[in-house]
Amino acid sequence: MTALIVPDVRLCASWAETVREFGAETMHGSGDWHFPGGWRDLRESGCQAVVDWLRQAAEPVEPLPGGLVPSDYYWITDGDPETLVGFLALRHRLNDWLLEQGGHIGYSVRPSRRREGHASRALALAVRRAGELGLDRVLVTCDDDNEASRRTIEVNGGVYEDTRGRKLRFWIDASPRSGPGPGQVV
C-alpha cells in the first residue's frame, strides 16, 4: 500500500528518520534544496519550518524565489500514515530548467524501502493529481544510469522523448482518470 499525504509536523519523527537514512544522497521531490544547507534541523521546530514552506509552495501568496514554480509536495507513506517512505513533488508548470532537466514530478524512496513498488504507485497517484490540476501530460525525467527510475516511469506509461545531458525525458498522459488520488492508497 502506498499513499501521498500533505506534509504534517505530526510525522516529525518519521520525517527525521527518513532524512537521516538518505544521508548525503539526493532526496528528489523533497524540496530540501530550498533551505540553505538543506534540512539540518531535524527537531520539531525544523520540521515545522519545512512543513510550512512546503505547504505554501502550492499556492504562494507572493512569487516564489529563484524562478521556482508552484508545487504540491507530498510525503510518501506505506499506507500507515505514520511511516514515511519517501518524498514527491508535483510541479504545476515547467520553467526552462524543469523542461530540460527536472520535469513536472520528482520523487525518491528511502533506501531501506526501495524495491517494494512505492515509487511506481506514488508516481501513478501524482499523475492522477496532475490531471486534476488540468495538465494533459507530465514530463518525468531520470538520470541515464538510473534503471530503476526508468522502469518506474515506463510502467506508468512514460513515453521516451530524448536525452538531454544525462537526463532521460519521458512524457506521461495525465488525462483525467478514475481511481484514487493523493491521500488515497494504492
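The values are calculated or read from the model by the stated rules, or taken from the named source; none is laboratory data. Bear in mind that the values here come from a model prediction, so they are computed numbers and not experimental data. Because the Cβ atoms are built from the backbone with ideal geometry, glycine has one as well, and the counts that use them run over all protein chains shown. Note: areas computed on protein heavy atoms with side chains; ligands, DNA, RNA excluded. Shrake-Rupley method; radii C 1.70, N 1.55, O 1.52, S 1.80 Å.
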>> For the chain, what are Rg and Dmax over the alpha carbons, in angstrom?
In response: 15.3, 43
> Using alpha-carbon positions, what is the distance between the centroids of segment 67-98 and segment 104-146, in Å?
Replying inline: 9
>> Explain nothing, just compute: Karplus ³J(HN,Hα) = 6.51 cos²θ - 1.76 cosθ + 1.60, θ = phi - 60°, for every residue of segment 5-18 in order, whole Hz, x for Gly and Pro.
In response: 10, 5, x, 9, 4, 4, 9, 3, 4, 5, 4, 4, 4, 5
> For segment 36-128, which GluC sites (Glu not before Pro) are both in a DSSP coil and crowded by at most 12 other Cβ atoms within 10 Å?
Replying inline: GLU82
>> Taking the Cα centre as origin and putting +1 on Lys and Arg beta-carbons and -1 on Asp and Glu beta-carbons, what dipole magnitude results for segment 1-127, to the nearest 20 debye?
In response: 260
> Taking the chain as a Gaussian network, where each spring joins two C-alpha atoms under 10 Å apart, which residue of ALA130, ALA89, ALA24 fluctuates the most?
Replying inline: ALA24
> If you add up the charges near GLU59, with Lys and Arg at +1 and Asp and Glu at -1, over every other residue whose beta carbon is less than 15 angstrom from its beta carbon, what do you get?
Replying inline: 0
> Relative to the longest principal axis of the chain, what angle (0 to 90°, nearest 10) does the C-alpha long axis of helix 118-132 take?
Replying inline: 70
>> Which three numbers, in whole Å and largest first, are the semi-axes of the equivalent ellipsoid of segment 1-43 derived from its Cα gyration tensor as √(5λ)?
In response: 17, 13, 11
>> I'd like the FRET efficiency for ARG137 and TRP97, computed as 1/(1 + (r/R0)^6) with the beta carbon distance as r and R0 of 22 Å, rounded to 0.05.
In response: 0.75
> Sequence-distant or interchain residues sharing an amide H contact under 5 Å with ALA58, placed H: which?
Replying inline: SER71
> Tell me, what HN-Hα J-couplings in whole Hz come from the Karplus equation 6.51 cos²θ - 1.76 cosθ + 1.60 at θ = phi - 60° for each residue of segment 109-114, using x for Gly and Pro?
Replying inline: 10, 4, x, 6, 10, 6
> Quick one: accessible area per residue over segment 127-180, 1.4 Å probe, rounded to a whole number of Å²?
Replying inline: 53
> Can you list the residues, at least 5 places off or on another chain, whose amide H is less than 5 Å from the amide H of ARG137, using H built in the peptide plane?
Replying inline: ALA174
> Ordered by residue, what ³J(HN,Hα) values in Hz, to whole numbers, does segment 74-80 give under the Karplus form 6.51 cos²θ - 1.76 cosθ + 1.60, where θ = phi - 60° and Gly and Pro are x?
Replying inline: 10, 9, 8, 10, 8, x, 8
>> Just to be sure I understand: with springs between alpha-carbon atoms less than 10 Å apart, which residue in SER149, SER45, SER14 has the highest mean-square fluctuation in the Gaussian network model of the chain?
In response: SER45
> Relative contact order of segment 55-186: what whole-number percent is it, with Cα pairs under 8 angstrom and at least 6 residues apart?
Replying inline: 19
>> I'd like the orientation of helix 44-56 relative to the chain: the angle between its Cα long axis and the longest Cα principal axis, in ° from 0 to 90, rounded to 10.
In response: 30
